[in-house]
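Report on the structure given below.
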Amino acid sequence: MVTAHWLFGDQLGPHFLTPGEDGPDRDAPVVMIEARSVFRRRRFHRAKAHLILSAMRRRAAELGDRVSYVRCETYREGLREAVGDGPVTVHHPTSHAALRFVRSLENATVLPARGFLVPHADFRAWADGHGGRRLRQEDFYRWVRRDHDMLMDDGGAPVGGRWNHDHDNREPPPKDVRSLDVPPPYRPREDDVDDEVRHDLDRWEREEGIRFVGRDGPRRFPASRREALAALRRFLQHRLALFGPYEDAMLAADPVMSHSLLSSSLNLGLLDPAEVVARAEDAWRAGTAPVNSVEGFVRQIAGWREYVWQLYWYFGEDYRRHNALNHRAPLPEWFLELDGDAVTAHCLATALTQVRDSGWTHHIPRLMLLGSFALQRGWDPLALTDWFHRCFVDGYDWVMVPNVVGMSQYADGGMMTTKPYTSGGSYVHRMSDLCGGCAYRPADRVGERACPYTAGYWAFLHRHRDRLKGNVRMSQAVRGLDRLRDLDALLDQERRRGDSPP
Ligand code: FAD
């Protein structure tokens, strides 16, 4: 007898149905469950709800008669409706909660994870061999490159002679331009499925009290394998070449710059990371993109994405509760509501408005504007993780917990990064055009035009002086506090600013 196979909403690509020893049965009937409780529990960005439901319904349409697509309240209910007590297989889901749930089911067999490059056991062996704590992403990334023969030459050396091309990347934006000189990213064309989803979301809001945040539409991200492949193709052909130099730069009028916009497609499982890396490598071999850009992009996927996924499981379920800096402040209403219009600081207003309007910003606004602001103000890291998870189209538990708790909030006390990622306004000024028309000045610490990031940076260092002075990467900055004659006035100013929009 053929066993049914259950696809979660982030397992939508063909590789989740490839039969085999650690895959589903050949021609297994497929179960998909649209559980409304997910949306009742949390207030998601509406564009994210739209994207996920569109993608699931499109996948169901592709699978046709092979799939039982159940719309119901909970997964348990849906599974009972689809298979009763009958056996079902499912690939390892992407959150601790979902894994606990599928393991608790007597009729479910959990198959290994797909959609990532390295099996958990291999990572565990690698990490244990590296001391288990204070792991280095760079070491992991080189190991993956070697092991998977990615961007390597015949002699086993990295192509281009170097592992790391950061030196050629991370440029400030070009001067006096409003946008990068690259063709725009792929934009999907909406269809009946989008109309139906939008109609359902309206009804849920009207009749069922389900609430969303942010603005929905037009849909910007791929919702099918076909669309995701088209987006990948367009990125590789037209935009990858400039990815490297400007990957850390920001332009107010060009939020995407040369980023790929592929995170939601990878995280929905529409694209497999191995194929994305292979296609990027092909672009380099074909001479379409220079090595620094291709290496920078491959590093994001085979390095960062994979590392974050592995750490989520390796650090375990309690990792999310780390709060090494004892940050307890609740997130203010204007931030929760994505109210960029309430914010005067041009950079933060721009990033928050981008999130409100699209559910996406690139990694530097996430890290150095949104995350850094929260860190400086001592906001609760768990509440911030929840905010990122709900408000970003590519947000899932596995990817948000390490990125926010570890990378952005230093709440793990340095298990993931060697220092807190935060800066004064001078970094934003150097890497963007966002300070130009701003009411604040990046160099001002105190007074009417004191930049909230510059003042916030010093207030943060002051608050954590004792902990940070022993960190070799922070000690010099901490010593800088002693040279500030206006520190008392600065701290008083920041206390008075409180959590009002800056
Ligand atoms: P590109 O800049 O084109 O990068 C290519 C790909 O690399 C991305 O599509 C993504 O799949 C991968 N990638 C790069 N860095 C990371 C990373 N740190 N973690 C995981 N994948 C990475 N990414 C998510 O996919 N989901 C999230 O919820 C998420 N939350 C983040 C929260 C914070 C505070 C920070 C600092 C980063 C977060 N990231 C997250 C990583 C990164 O910001 C996004 O992957 C990226 O901005 C998505 O845009 P893109 O597809 O154009 O990426």
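Do you know which residues across region 70-94 are buried (at least 17 other Cβ atoms within 10 Å of the Cβ), over 21 Å from Arg26 (Cα atoms) and not aliphatic (A, V, I, L, M)?
Selection gives Cys72, Tyr75, Gly78, Thr94.
For region 291-322, enumerate the residues that are away from the ligand (no atom under 16 Å from the Cβ), buried (at least 16 other Cβ atoms within 10 Å of the Cβ) and not in a helix (DSSP H, G or I).
Listed by number, the list is empty, since nothing qualifies.
Name the residue that is surrounded by the fewest Cβ atoms within 10 Å (Cβ to Cβ), counting only residues in region 461-478 that are in contact (Cβ under 8 Å) with a residue 40 or more places away in the chain and more than 16 Å from Asp488 (Cβ to Cβ).
So the residue we want is Arg473.
(1) farther than 30 Å from Trp334 by Cα; (2) in contact with a Phe, Trp or Tyr (Cβ under 6 Å, 6 or more places away or on another chain); (3) of a type in the set (A, V, I, L, M, F, W, C); (4) surrounded by 20 or more Cβ atoms within 10 Å (Cβ to Cβ): which one isn't true of Met257, the others all being true?
Among (1) farther than 30 Å from Trp334 by Cα; (2) in contact with a Phe, Trp or Tyr (Cβ under 6 Å, 6 or more places away or on another chain); (3) of a type in the set (A, V, I, L, M, F, W, C); (4) surrounded by 20 or more Cβ atoms within 10 Å (Cβ to Cβ), the lone unmet condition for Met257 is (1).
Output the residues belonging to region 323-335 that are in a helix (DSSP H, G or I) and away from the ligand (no atom under 16 Å from the Cβ).
Correct list: Glu333, Trp334.
With respect to Arg206, determine if the residue is of a type in the set (Lys, Arg) and crowded, with 22+ Cβ neighbours inside 10 Å.
no
Does region 40-47 contain any residue that is open to solvent by less than 50 Å² (accessible area, probe 1.4 Å) and either among the acidic types (Asp, Glu) or part of a helix (DSSP H, G or I) (or both)?
Yes: one or more hits.
Tell me the helices (runs of 4 or more DSSP H) entirely within region 355-414 that contain at least 2 residues that are farther than 24 Å from Ala455 by Cβ and in contact (Cβ under 8 Å) with a residue 12 or more places away in the chain.
Where helices (runs of 4 or more DSSP H) fall fully within region 355-414 and carry at least 2 residues being farther than 24 Å from Ala455 by Cβ and in contact (Cβ under 8 Å) with a residue 12 or more places away in the chain, they are 381-391, 397-400.
Quickly run through region 420-435 and pick out the residues that are free of Cβ contacts under 8 Å to residues at least 40 places away in the same chain and open to solvent by 70 Å² or more (accessible area, probe 1.4 Å).
Ser426, His429
Would you call Val355 away from the ligand (no atom under 14 Å from the Cβ), open to solvent by less than 40 Å² (accessible area, probe 1.4 Å), in the same structural domain as Gly437 (by TED's automatic domain parsing) and over 21 Å from Pro420 (Cβ atoms)?
No.
Looking only at region 196-207, decide whether some residue is outside the structural domain of Phe392 (by TED's automatic domain parsing) and either within 26 Å of Gln237 (Cβ to Cβ) or assigned to a loop (DSSP other than H, G, I, E, B) (or both).
no
If a residue must be away from the ligand (no atom under 15 Å from the Cβ) and touching a Ser or Thr at 6+ places or on another chain (Cβ under 8 Å), how many such residues does region 405-432 contain?
The number of residues fulfilling the criteria is 3.
Give region 149-176 a look and list any residue that's in a helix (DSSP H, G or I) and open to solvent by less than 20 Å² (accessible area, probe 1.4 Å), or say none.
Val159
Mind listing whichever residues of region 108-141 are aliphatic (A, V, I, L, M) and surrounded by 14 or more Cβ atoms within 10 Å (Cβ to Cβ)?
Across region 108-141, the qualifying residues are Ala108, Val110, Leu111, Ala113, Leu117, Val118, Ala127, Leu135.
So for region 463-477 (the condition being in contact with a strand residue (DSSP E or B) (Cβ under 8 Å, 6 or more places away or on another chain) and of a type in the set (A, V, I, L, M)), does at least one residue qualify?
No: region 463-477 contains no residue that is in contact with a strand residue (DSSP E or B) (Cβ under 8 Å, 6 or more places away or on another chain) and of a type in the set (A, V, I, L, M).
For region 444-456, indicate whether the set of residues that are hydroxyl-bearing (Ser, Thr, Tyr), part of a loop (DSSP other than H, G, I, E, B) and buried (at least 22 other Cβ atoms within 10 Å of the Cβ) is non-empty.
no
Can you tell me which residues in region 241-256 are more than 9 Å from the ligand (Cβ to nearest atom) and of a type in the set (A, V, I, L, M)?
Ala241, Leu242, Ala249, Met250, Leu251, Ala252, Ala253
Please enumerate the residues belonging to region 262-290 that are among the hydrophobic types (A, V, I, L, M, F, W, C), open to solvent by 20 Å² or more (accessible area, probe 1.4 Å) and either within 12 Å of the ligand (Cβ to nearest atom) or farther than 17 Å from Arg146 by Cα (or both).
Those that are among the hydrophobic types (A, V, I, L, M, F, W, C), open to solvent by 20 Å² or more (accessible area, probe 1.4 Å) and either within 12 Å of the ligand (Cβ to nearest atom) or farther than 17 Å from Arg146 by Cα (or both): Trp284, Ala286.
Of the residues Asp176, Asp194, Asp202, which single one is away from the ligand (no atom under 14 Å from the Cβ) and in contact with a helix residue (DSSP H, G or I) (Cβ under 8 Å, 6 or more places away or on another chain)?
Of the residues listed, the single one that is away from the ligand (no atom under 14 Å from the Cβ) and in contact with a helix residue (DSSP H, G or I) (Cβ under 8 Å, 6 or more places away or on another chain) is Asp194.
How about region 127-157: which of its residues are under 22 Å from the mean Cα position of the chain (by Cα) and among the aliphatic types (A, V, I, L, M)?
If the condition is that a residue be under 22 Å from the mean Cα position of the chain (by Cα) and among the aliphatic types (A, V, I, L, M), then Leu135, Val144 are the ones that fit.
Among the numbered conditions (1) part of a helix (DSSP H, G or I); (2) closer than 30 Å to Ala60 by Cβ; (3) out of contact with any Ser or Thr (no Cβ under 8 Å at 6 or more places or on another chain), tell me where Arg189 comes up short.
(1)
The values are calculated or read from the model by the stated rules, or taken from the named source; none is laboratory data. All values reported here derive from a predicted model rather than from experimental measurement. Glycine also receives a Cβ, built like all others from the backbone with ideal geometry; neighbour counts cover every protein chain displayed. To get the accessible areas, we keep the full protein, side chains included, count just its heavy atoms, and leave off ligands, DNA and RNA. Shrake-Rupley method; radii C 1.70, N 1.55, O 1.52, S 1.80 Å.
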